[in-house]
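Visitor: Before I ask anything, here is the structure I am working with.
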Amino acid sequence: MEENKTFTISVYSENNVGLLNRISGIFLKRHINIESLNVSKSEIDHVSKFTIVVHTTEDWTRKIVGQIEKQIEVIKAYYHTNEETIFQESALFKIASNLLFDERQIQNIIKDNHSEIVTVSPEFFVISKSGRREEIEEMYEQLKPYGIMQFVRSGRISVSKSEMQISNILKEFQYQ
Amino acid sequence: MEVKTLKKEESKTGTKIRISGAEAVIHCLLAEGIETVYGYPGGAIMPIYDELYKFRDRLHHVLTRHEQGATHAAQGYARVSGKVGVAMATSGPGATNLVTGIADAQIDSTPMVCITGQVARHLLGSDAFQETDIVGISTPVTKWNYQITNASEIPEVMAKAFYIARSGRPGPVLIDITKNAQFEEFDFEYQKCTAIRSYTAKPTINQDKIEEAAELINKAKKPMIVWGQGIILGKAEAALKAFVEKAGIPAAWTILGASALPSTHPLNVGMVGMHGNYGPNMLTNECDVLIALGMRFDDRVTGDLSTYAKQAKVLHFEIDPAEINKNVHADVPVLGDVKESLEAILPLITENNHDAWHNKFKEHYKIEFDKVIKNDLHPEKEGLTMGEVIERINKESNHEAVIVSDVGQHQMIACRYAKFNTSKSNITSGGLGTMGFALPAAIGAKMGAPKREVVAVIGDGGYQMTIQELGTIFQTKVPVKIVVLNNDFLGMVRQWQQLFFDRRYASTEMTNPDFIKIAEGYHIQAKKVTKREDLEGAVKEMMASPNAYFLEVQVEKEDNVFPMIPTGASVSDIRLS
Ligand SMILES: Cc1ncc(C[n+]2csc(CCOP(=O)(O)OP(=O)(O)O)c2C)c(N)n1
């Protein structure tokens with residue numbers, strides 16, 4: 001059996017209603033859990049980019065990418081290993097405001113983790129942190145003993161180290 | 001109110017005219033060359049039906065008795081004609097009744113456009129009367145689908161729908177149109193779709209792969225071809241024949257590839273797969289080069305993948321990149337339209353024959369003949385066999401009939417023994433194995449090829465799943481021939497119970513109604529045969545009839561279909577008894 005690894009799948013698509021349903025269905029059909037999913041605009045006008053993280057074999061990832069590319073609105077799909085991409089996630093921590101003054105250590109945690117305070121109100125303040133999953137997790141562990149009122153982490157966003165030929169593909173296309 | 005219809009010239013592409021969304025749908029269909037649509041009306045699609053009424057002299061609507069029947073009829077029409085089949089239904093239950101046929105078309109790559117009515121846009125998502133999220137439901141079983149909520153979207157979406165359904169690897173498309181969009185008026189103009197930015201209908205051919213494939217083929221000592229429906233969908237029958245003959249390679253077919261090369265062609269060595277022929281299955285595990293043409297290595301074809309053709313170099317000619325290495329590793333993937341690929345490779349192929357190797361297929365055939373075929377076609381026991389009925393149909397139709405089969409033992413027997421001279425003659429539900437397919441599909445097939453004789457071969461179980469379509473036959477007077485092979489059992493399941501569940505026949509015995517009376521109730525001429533001496537006369541009478549005809553043949557209750565590869569076993573573990 002081929003070993004499971006983490007793969008980042010990038011999907012460039014037309015921005016159409018319903019495509020998310022089609023793409024998630026492909027994972028559902030093969031009983032593969034999506035670890036994280038992010039959809040945003042891409043570097044190309046009117047083209048969306050899905051960034052999907054899965055933990056499975058390369059063989060399955062390749063087949064899934066083939067099935068995704070088959071979808072009419074999908075322009076191109078790629079997959080990469082962690083080593084082939086620059087990737088990160090964002091997180092927000094909501095913490096009771098009194099702790100900021102009572103627990104001096106919290107300010108050090110914020111500084112040491114290169115995170116920042118986004119807002120402060122009389123009841124709570126919010127810290128944002130971007131980085132690798134482990135870094136966010138580590139900061140979570142550090143803050144946990146003080147009490148975290150709310151925590152949320154985004155899906156992975158990533159760019160590949162190598163060039164993706166997507167712009168050339170679009171240029172070649174003669175739209176009639 | 002004045003009824004407004006377009007004159008022929010006006011409906012040509014490029015002319016603007018103010019019409020309703022419902023009328024626009026009809027103009028789109030006409031612009032796509034559609035002459036026949038199958039469907040069933042209801043509240044949410046009434047504006048379109050109203051237009052169908054106005055255009056009834058130019059667009060023929062066939063009222064099936066169930067929406068599933070409409071999809072299968074559209075499939076049968078598409079499969080014999082090579083055109084896009086069209087089915088329509090109302091929202092909610094009408095739309096959900098289409099799903100089985102859509103799923104069947106998806107897995108068998110049948111070009112089909114389904115149009116469903118939907119509640120008005122302001123009601124969407126409110127659990128309105130007969131509201132169903134058909135776009136969501138049909139997503140996994142369509143090549144593409146789309147919900148139209150504004151009339152102005154109709155021309156572009158319809159044009160895309162037909163282009164997507166028929167191009168590349170064909171498939172079903174569903175367009176859901178809200179009721180307000182059917183009523184709204186807008187400036188209609190139609191432009192056929194010829195390209196979509198994000199969709200590559202067929203990959204371009206890579207000449208290096210063609211050369212690599214040619215070299216392996218030319219060097220092969222024991223090459224074998226397995227072709228699938230891709231040959232028929234890609235209109236590559238002539239290219240296949242030229243290739244087979246020049247290279248002198250024994251060629252076998254999958255169930256959906258049947259009829260692409262005449263049955264009597266000397267290099268046609270039969271069917272592969274679970275109930276396929278002995279030779280091509282056994283020799284799959286002996287050939288040195290396996291040339292797969294427009295087929296997708298279905299598990300019913302390969303059996304256990306870990307033992308399938310392991311010794312062979314596999315060349316896979318395929319239009320859909322997602323099929324490459326999906327089930328079987330391709331040593332040389334030849335991506336592209338199979339007709340273009342075959343035409344490109346032909347000049348590079350050296351003329352050859354592989355007589356000694358071909359003889360091995362003949363030896364295997366002889367074994368299969370003695371152990372299986374002889375008893376199926378020329379039985380000595382008293383009861384009638386399904387095989388002899390098919391053989392009789394072959395004789396009386398001169399191998400020229402379109403055979404539409406349902407699902408079960410009779411299907412395997414029909415596909416094994418039906419003889420074909422002409423392509424697009426074997427219409428069956430392959431990938432989904434949908435019981436109830438054949439009767440409505442035969443209606444569509446006859447309408448898609450009116451000059452051809454269409455014979456539906458159906459089991460007593462599957463017949464009762466869409467038996468109501470006899471009403472469609474009666475009303476439209478479509479002259480299809482219906483043969484029910486009655487064993488009073490869900491035969492194929494019973495066979496498995498016998499072989500793998502110690503003969504525990506759980507819920508497979510059927511107490512059947514008087515099929516003759518039912519057919520006659522629909523005013524269809526009917527006859528029942530229980531004895532061998534009556535078979536020939538009855539089949540002759542059926543074939544000679546200019547009208548629809550129902551023939552019931554009482555066959556042996558507990559016959560089995562062999563050869564058989566048990567599920568999960570290797571193709572060379574094929575059993576002859
Ligand atoms: C809609 C549907 N339900 C169930 C099945 C499972 N199934 C496959 S073959 C078969 C028996 C078919 O019996 P019959 O139509 O009498 O044909 P026979 O096998 O006797 O020729 C059944 C129940 C199926 N293929 N399709």
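Visitor: Place the peptides B:73-84, B:550-561 in order of packing, highest mean first, counting for every residue the other Cβ atoms within 10 Å and averaging per peptide.
Guide: Output ranking for B:73-84, B:550-561: B:73-84, B:550-561.
Visitor: State whether the stretch B:368-527 is rounded, prolate or oblate according to the following rule on the C-alpha gyration tensor (a ≥ b ≥ c being the square roots of its eigenvalues): a/c under 1.5 gives rounded; otherwise a/b larger than b/c gives prolate, and the remaining case gives oblate.
Guide: oblate
Visitor: Between the helical axis of A:58-70 and the dominant principal axis of chain A, each derived from Cα atoms, what acute angle in degrees is found, rounded to the nearest 10?
Guide: Approximately 70 degrees, to the nearest ten.
Visitor: Helices from chain B with mean Kyte-Doolittle at least -0.5 and a Cα length along the axis of 24 Å or more, per DSSP H: which?
Guide: Flagged H segments: there are none.
Visitor: A further question on this structure: Using helices alone, I'd like the mean residue ellipticity at 222 nm for chain B: each DSSP H run of four-plus residues gives -39500 (n - 2.57), total over residue count, nearest 500.
Guide: About -10000 deg cm²/dmol.
Visitor: May I ask you to give the percent of accessible area on chain B that is carbon plus sulfur, with a probe radius of 1.4 Å?
Guide: On chain B, the fraction of accessible area on carbon and sulfur atoms equals 51 percent.
Visitor: Which entries in B:LYS451/B:LYS481; B:LYS83/B:LYS143; A:LYS70/B:LYS209; B:LYS424/B:LYS528; A:LYS5/B:LYS202; B:LYS481/B:LYS540 show an alpha-carbon gap greater than 20 Å?
Guide: A:LYS70/B:LYS209; B:LYS424/B:LYS528; A:LYS5/B:LYS202
Visitor: Further, regarding this structure: Relative contact order of the stretch B:440-519, please, whole-number percent, based on alpha carbon pairs below 8 angstrom and at least 6 residues apart.
Guide: The normalised contact order for the stretch B:440-519 reaches 29 percent.
Visitor: Follow-up question, since we're still on this one. Could you work out the relative contact order of chain B? I mean the mean sequence separation of Cα pairs under 8 Å and 6+ apart, divided by the number of residues, in percent.
Guide: So the answer I get is 14 percent.
Visitor: Once you compute Rg and the Kirkwood Rh from C-alpha atoms, what is the Rg to Rh ratio for the stretch B:402-471?
Guide: On the way: Rg = 11.3 Å, Rh = 12.0 Å.
So for the stretch B:402-471, dividing Rg by the Kirkwood Rh gives 0.94.
Visitor: Contact order normalised by length for the stretch B:76-185, with contacts defined as Cα pairs under 8 Å and 6 or more residues apart; what percent is it?
Guide: On the way: 214 pairs, mean separation 36.5, N = 110.
Contact order relative to length: 33 percent.
Visitor: Now for a separate question. Under a cut-off of 13 Å between alpha-carbon atoms, report the aspartates and glutamates in cross-link reach of B:LYS313, not counting same-chain residues fewer than 8 places apart.
Guide: Reachable aspartates and glutamates: B:GLU212, B:GLU215, B:GLU286, B:ASP288, B:ASP331.
Visitor: Once the Cα gyration tensor of the stretch B:446-577 is diagonalised, what are the square roots of 5 times its eigenvalues, in whole Å and ordered largest first, as equivalent ellipsoid semi-axes?
Guide: On the way: eigenvalues 193, 57, 44 Å².
Taking √(5λ) for each eigenvalue gives 31, 17, 15 Å, largest first.
Visitor: Right, something else. Hey, with R₀ at 51 Å, roughly what FRET efficiency would A:ARG30 and B:THR511 work out to, going by the Cβ-Cβ distance, to 0.05?
Guide: It comes out at approximately 0.75.
Visitor: How would you classify the stretch B:195-308 from its alpha-carbon gyration tensor, with a ≥ b ≥ c the square roots of the eigenvalues: rounded for a/c under 1.5, else prolate if a/b is greater than b/c, otherwise oblate?
Guide: rounded
Visitor: Same structure again: I need the calculated FRET efficiency for the pair A:GLU116 and A:ASP59, taking r as the beta carbon distance and R₀ as 41 Å, to the nearest 0.05.
Guide: The pair A:GLU116/A:ASP59 has a calculated efficiency of 0.45.
Visitor: Could I ask something else about it? Rg to Rh ratio, chain B, alpha-carbon atoms and Kirkwood radius?
Guide: Reported Rg/Rh, Kirkwood definition of Rh: 0.99.
Visitor: Just tell me which lysines come within less than 20 Å, Cα to Cα, of A:LYS129; anything on the same chain fewer than 8 places away is out.
Guide: List returned: A:LYS94, A:LYS111, A:LYS144.
Visitor: Over chain A, with every protein chain in place, what whole percent of the accessible area is carbon and sulfur at 1.4 Å, could you tell me?
Guide: Ligands and nucleic acids excluded, carbon and sulfur give 49 percent.
Visitor: Rounded to the nearest 20 Debye, what is the dipole magnitude of the stretch B:181-260 about its Cα centre when Lys and Arg each give +1 and Asp and Glu each give -1 at the C-beta? It would help to have the intermediate numbers written out before the result.
Guide: Details: 10 positive and 10 negative charges, 144 e Å.
Using Cβ point charges on Lys, Arg, Asp and Glu, the stretch B:181-260 gives about 700 debye.
Visitor: Next question, about the same structure. Give the dimensionless ratio obtained when the Cα radius of gyration of the stretch B:60-192 is divided by 2.2 N^0.38 Å.
Guide: Compared with the compact-globule rule of thumb, the stretch B:60-192 sits at 1.00.
Visitor: Taking the radius of gyration and the Kirkwood hydrodynamic radius from Cα positions alone, what is the Rg/Rh ratio for the protein assembly as shown, to two decimal places?
Guide: A ratio of 1.03.
Visitor: Using only Cα atoms, figure out Rg for the stretch A:31-92 and give it as a multiple of 2.2 N^0.38 Å.
Guide: Working: Rg = 12.6 Å, N = 62, 2.2 N^0.38 = 10.6 Å.
Relative to the rule-of-thumb radius for its length, the stretch A:31-92 sits at 1.19.
Visitor: Could you work out the equivalent-ellipsoid semi-axes for the stretch B:115-265, taking the square root of 5 times each eigenvalue of the Cα gyration tensor, largest first, in whole Å?
Guide: 45, 17, 13
Visitor: What does the highest-first list of B:161-173, B:186-198 look like by mean Cβ count within 10 Å?
Guide: Result, highest mean first: B:161-173, B:186-198.
Visitor: Let me ask something additional. Nothing charged except the Cβ atoms of Lys and Arg (+1) and of Asp and Glu (-1): what's the magnitude of the dipole of the stretch B:317-359 about its Cα centre? Round to the nearest 20 debye.
Guide: 100
Visitor: Within straight cross-link reach of B:LYS419, meaning Cα distance under 19 Å, which aspartates and glutamates are found once same-chain residues fewer than 8 apart are removed?
Guide: Within the straight-line limit of under 19 Å, B:LYS419 reaches these aspartates and glutamates: B:GLU237, B:GLU368, B:ASP376, B:GLU388, B:GLU391, B:GLU396, B:GLU400, B:ASP406, B:GLU453, B:GLU536.
Visitor: Continuing with this model, one more query. Rounded to the nearest 100 Å², what is the sum over both chains of accessible area buried where A meets B, with a probe of 1.4 Å?
Guide: About 1700 Å² of accessible surface is lost on pairing.
Visitor: Follow-up question, since we're still on this one. Rolling a 1.4 Å sphere over the protein heavy atoms, what is the accessible area per residue of chain B, to the nearest Å²?
Guide: Numbers: 21810 Å² over 577 residues.
Averaged over the residues of chain B, the accessible area is 38 Å².
Visitor: If you look at just the Cα atoms of the stretch B:319-362, how large are its Rg and its Dmax in Å?
Guide: 14.3, 36
Visitor: Report, as a whole number in µm² per second, the diffusion coefficient that Stokes-Einstein gives for the stretch B:35-95 at 25 °C and 0.890 mPa s using the Kirkwood radius over alpha carbon pairs.
Guide: 210
Visitor: Shape of the stretch B:249-310 from its Cα gyration tensor (a ≥ b ≥ c, root eigenvalues): rounded if a/c is under 1.5, otherwise prolate when a/b > b/c, or oblate?
Guide: Prolate shape, in that a/c is at least 1.5 and a/b is the bigger ratio.
The values are calculated or read from the model by the stated rules, or taken from the named source; none is laboratory data. None of these values were measured; they are calculated from a predicted model. Every residue, glycine as well, gets a Cβ built from its backbone with ideal geometry; the counts of neighbours run over all protein chains shown. Heavy atoms of the whole protein, side chains included, go into the accessibility calculation; ligands, DNA and RNA do not. Shrake-Rupley method; radii C 1.70, N 1.55, O 1.52, S 1.80 Å.
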